[in-house]
1. For each of Thr75, Thr15, Thr115, count neighbouring Cβ atoms within 10 Å of the residue's Cβ, then give the residues from fewest to most.
2. Charges at C-beta only: +1 for Lys and Arg, -1 for Asp and Glu. How large is the resulting dipole of the chain about its Cα centre, in Debye rounded to 20?
3. Defining a contact as two alpha carbons under 8 Å apart and six or more residues distant in sequence, what relative contact order in percent does region 2-217 show?
4. Quote to one decimal, in nm, the extra length available between Asn179 and Val107 on full extension: 0.36 nm per residue of separation minus the C-alpha distance between them.
5. What spacing in nm lies between the two simple spin-label points modelled at Arg148 and Ala160, each 7 Å away from Cα in the Cβ direction?
6. Of Trp118, Ser78, Ala160, which is farthest on the positive side of the dipole of region 2-217, counting Cα position, with +1 on Lys and Arg Cβ, -1 on Asp and Glu Cβ, and the Cα centre as origin?
Amino acid sequence: MHALAASGDGSAFGTIGEWAVSIMNLLGAPGVGLMVLLENLFPPIPSEIVLPLAGFAAGAPEAEFTWVAALLWATAGSVVGAYALYGLGAWLGHERTVRILAALPLVDREDIDRTIAWFNRHGYWTVFLGRMIPIFRSLISLPAGVERMSWWRFGLFTLAGSAIWNTVFVYGGFLLGANWQVLEEAAGWFQYVVIAAVLAVVVGYVVLKLVQRRRSRT
């Protein structure tokens, strides 16, 4: 796998890619699971690099693990990391979380209650789809814990969504080989779209609340 370390360029590979290679060299497939677990807890560690790189590593002539092993360990790491954040959300609890959110500027209790009601109606599918969306992949576990979603159903939907996401990137990296960076670049554009959509929603919400408050004063 040392040849793999030399194949990455500075832009797509970077420090994180080199660190991921060193972990896989040291621990093999369990190292993939460890990195994905850390990615859930520290989102700046991008699975969009770790997963296709693991698939590429599995396809190398000197590979010490298969892409299936990498996928299984990655999915296990996803579930364990999700449960850690679920536990944090459960510790925060509903009332404490609502108080924190209600203290934010321009946030009304009614908006929070409507959002929570929507999440309670569609929470399981939100968790499933959220596991396949950058940024939300980790964060979606927090409201699930806050609202004390059924822990075993949470685990099933997390497992299903994570397995799909991980399969696309691990097996994609295995098929693409030295061109695994294509997946990382595509995921980067997807992340930009998600960020733009989030910013649009936030700006729209702020403008709406400012207009409502201005009308209420007049």
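1. Values: Thr75 23, Thr15 8, Thr115 13.
Fewest-to-most Cβ neighbours within 10 Å comes out as Thr15, Thr115, Thr75.
2. I would put it at about 1340 debye.
3. On the way: 267 pairs, mean separation 57.7, N = 216.
Relative CO of region 2-217 lands at 27 percent.
4. Details: separation 72, 0.36 × 72 = 25.92 nm, distance 4.54 nm.
My answer for the length gained is 21.4 nm.
5. 2.5 nm
6. Towards the positive end, the residue furthest out is Trp118.
Read-outs throughout are calculated quantities, based only on the coordinates presented, and are distinct from any laboratory measurement. None of these values were measured; they are calculated from a predicted model. Every residue, glycine as well, gets a Cβ built from its backbone with ideal geometry; the counts of neighbours run over all protein chains shown.
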